[in-house]
Amino acid sequence: MSLRIGIIGCGAIGQDHARRLHFKLSGASVVALNDINLEATQAFSLASGINAKVYANYEDLIQAPDVDALLVASWGDAHEEQVLACINAGKPVFCEKPLATSAAGGLRIVEAEVKHGKNLVQVGFMRRYDAGYRALKKTIDAGAIGDVLMAHCAHRNPSVPENYVGDMGITDTHVHELDVLRWLLNDDYVTAQVVQGRKSRNSNGNLHDPMMVLLETTQGIRIDTEIFVTCRFGYDIQCHVVGETGVASLPEPASVALRSGGRQSTEILMDWKQRFIDSYDVELQEWLEDIKVGLVNGPTAWDGYFASATAEACVEARHSKQIVPIRIANRPAFYDRG
Ligand code: NAP
């Protein structure tokens with residue numbers, strides 16, 4: 001059975017996902033597209049060879065009888081209303097992060113899904129599908145380092161565009177750590193603190209780069225994450241988990257070890273897309289297999305809500321310079337797994 005997919009939001013990642021679903025993965029074809037840039041989307045539909053029907057209105061696309069499932073890759077601010085419309089139509093939806101730009105918005109989606117009575121929503125936190133993170137989780141879950149005590153992480157980007165400002169280090173960048181660390185450590189967060197020191201000369205006017213986010217979990221695990229998005233030297237993701245009897249680290253991406261010219265070196269990737277390209281494929285292929293049998297095994301609406309609520313607390317902590325409690329609604333039993 002081939003699933004007929006409709007995509008809402010055909011910018012950079014929407015187009016990547018459209019090609020991936022239509023040409024690369026198995027069991028799906030993209031039959032419908034929508035974006036506020038209608039002409040550009042029509043041009044993409046033809047030029048890519050997908051030749052999907054282009055809708056001026058996302059609601060019509062969601063309701064279309066020949067659309068089985070949706071992928072939302074529009075602007076973060078539009079996700080909530082678009083995901084709610086998919087739930088109302090009773091159709092599975094894969095929503096790129098963030099699920100919602102506020103905790104309240106994420107909770108409205110959780111409540112709508114619970115009311116609907118069936119898991120429909122998956123959130124695009126692709127790191128859970130990265131081979132390195134999966135190997136790290138397996139090592140920790142097997143007890144190889146004993147009980148976890150701390151984690152030291154870094155999210156480094158060579159540069160960001162001019163419109164990357166203010167709190168985006170948290171809401172756009174750190175949100176990936178917020179999801180993957182909960183999953184990795186099987187734990188939830190209780191407090192957040194953000195500290196900022198010397199500002200890099202490479203920060204644009206409204207950006208204060210780098211920053212450090214400190215989280216505490218329900219079990220008392222302490223996590224520090226450096227967010228440094230103008231580091232120039234590469235796209236560098238680090239995660240070192242410290243346990244009672246050892247340290248487990250995220251593997252580096254495979255790279256040729258070069259000995260030449262009196263130096264020993266390995267390449268550092270420059271681009272997040274290269275770093276996580278395989279995980280996008282795995283993520284969407286597994287999503288297709290799951291929704292065919294009516295399941296959601298990836299990050300749920302609850303996980304999306306949790307990430308939005310924690311990001312909101314981190315933003316508050318950044319501005320107040322205080323340790324901020326992370327207030328989370330009661331988790332509906334609906335989201336218990338197996
Ligand atoms: P983008 O290139 O700006 O694409 C978003 C597209 O959606 C644009 O064409 C935009 O039009 C359109 N749009 C905005 N509001 C819309 C609406 N209400 N209905 C339909 N279309 C709408 O951004 P992007 O980089 O593809 O990112 C899209 C989403 O994916 C963001 O939430 C981003 O955080 C997420 N993302 C996730 C990852 C990941 O690693 N998981 C990576 C990249 C992006 P305009 O340009 O006219 O606004």
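Within the bounds of segment 22-37, is there any residue that is aromatic (Phe, Trp, Tyr) and within 23 Å of Val121 (Cβ to Cβ)? Within segment 22-37, none of the residues are aromatic (Phe, Trp, Tyr) and within 23 Å of Val121 (Cβ to Cβ). For residues in segment 1-51 being within 8 Å of the ligand (Cβ to nearest atom), in contact (Cβ under 8 Å) with a residue 60 or more places away in the chain and among the small types (Gly, Ala, Ser), which is surrounded by the fewest Cβ atoms within 10 Å (Cβ to Cβ)? Only one residue fits best here, namely Gly11. Scanning segment 268-302 for residues that are closer than 20 Å to His174 by Cα, touching a strand residue (DSSP E or B) at 6+ places or on another chain (Cβ under 6 Å) and within 14 Å of the ligand (Cβ to nearest atom) turns up Gly298, Pro299.
Is it the case that segment 52-74 has a residue that's open to solvent by 40 Å² or more (accessible area, probe 1.4 Å), assigned to a helix (DSSP H, G or I) and within 13 Å of the ligand (Cβ to nearest atom)? Within segment 52-74 (the criterion being open to solvent by 40 Å² or more (accessible area, probe 1.4 Å), assigned to a helix (DSSP H, G or I) and within 13 Å of the ligand (Cβ to nearest atom)), the answer is yes, since at least one residue qualifies. Residues that are within 19 Å of the chain's Cα centre (by Cα): list the strands (runs of 3 or more DSSP E) wholly contained in segment 187-294 that include at least 1 such residues. So the answer is 189-195, 211-217, 222-228, 236-243. In this structure, Leu120 qualifies as away from the ligand (no atom under 15 Å from the Cβ), open to solvent by less than 30 Å² (accessible area, probe 1.4 Å) and in contact with a strand residue (DSSP E or B) (Cβ under 7 Å, 6 or more places away or on another chain).
Can you tell me which residue within segment 174-221, out of those that are within 16 Å of the ligand (Cβ to nearest atom) and under 24 Å from Arg232 (Cα atoms), is surrounded by the fewest Cβ atoms within 10 Å (Cβ to Cβ)? Among residues in segment 174-221 that are within 16 Å of the ligand (Cβ to nearest atom) and under 24 Å from Arg232 (Cα atoms), the one surrounded by the fewest Cβ atoms within 10 Å (Cβ to Cβ) is His176.
The values are calculated or read from the model by the stated rules, or taken from the named source; none is laboratory data. Small disclaimer: the values here were computed from a predicted structure and weren't measured. Ideal geometry is used to build each Cβ from the backbone, glycine not excepted, and the neighbour counts take in all protein chains shown. What goes into the accessible areas is simple: the full protein's heavy atoms, side chains included, and nothing from ligands, DNA or RNA. Shrake-Rupley method; radii C 1.70, N 1.55, O 1.52, S 1.80 Å.
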